[in-house]
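A short worksheet on the structure shown next.
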Amino acid sequence: MAKINLLPWREEERRVKTKEFGFTALFTALFGAGVVFGGIQFAQGKIDNQEARNVYMQQEIDKLKAELKEIEELESTKSNLLARMDIIQELQTKRPQVVHTFQELAERIPDGVYLLSMKQEEDRLAFEGRADSNARVSTLMRNLDASDWFKQPGLEVIQSAKDSGISTFKLRLSQSVAPTDQNQLAVSDE
């Protein structure tokens, strides 16, 4: 006997299409979820990569900061050493100056002139003394002016005692480094 389908064919077709739609929707949802998951993983990988690069850059920045700090410390040490070297060089330059000052004074002071005191302030010298006459003070000033170690002698005060004829005087002058000594210093530095 022949089988007769009593179900309406449209309902059967609708059910088949509903099943197909369900499978298609499920496949599309799974495919969409896979794409979203893949996109999220890709974006997360990019973020992780950028964070790793940021960490690397921060480490390099920290290294450079440490190097800059070390360079600043070295610059500070260098400037301190240069300042010390300048002071030592200045002391080296002035070391023979005291000897030359006293040697020049001993050679330049004429007979009859006596120094009572001598004060030094940087490169300026101040003398107080006594002389047999004003002419001897003039000779002293000419002698000091002729020296390579002294310059600009100036007489501040000269007084003569009426009863003894002895003159008291105050004299100021500047010290200088003689040209021959400067050449010796330049040669010794090399």
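The values are calculated or read from the model by the stated rules, or taken from the named source; none is laboratory data. Please read all numbers here as calculations on a predicted model, not as lab measurements. Quick reminder, even Gly has a Cβ in these numbers, built from the backbone with ideal geometry, and neighbours come from all protein chains shown.
Is it true that residue 156 is exposed (fewer than 14 other Cβ atoms within 10 Å of the Cβ), at pLDDT 85 or above and in a strand (DSSP E or B)? Lay out the reasoning, then the answer.
Numbers: exposed (fewer than 14 other Cβ atoms within 10 Å of the Cβ): yes; at pLDDT 85 or above: yes; in a strand (DSSP E or B): yes.
Here the answer is yes, as residue 156 does meet what is asked.
If a residue has to be part of a helix (DSSP H, G or I) and surrounded by 12 or more Cβ atoms within 10 Å (Cβ to Cβ) to count, how many in the stretch 82-125 make the cut? Working first, answer last.
Going residue by residue through the stretch 82-125, those that are part of a helix (DSSP H, G or I) are 82-108.
Checking which are surrounded by 12 or more Cβ atoms within 10 Å (Cβ to Cβ) leaves us with 89, 92-94, 96-97, 100-101, 103-105, 108.
Count: 12.
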ask   = When residue 163 is evaluated against the numbered criteria (1) modelled with pLDDT under 90; (2) not in a loop (DSSP other than H, G, I, E, B); (3) not β-branched (Val, Ile, Thr), which criterion, by number, is the only one it fails?
value = (2)
message = Here is a list: 72, 128. Which entry is part of a helix (DSSP H, G or I) and among the acidic types (Asp, Glu)?
response = 72
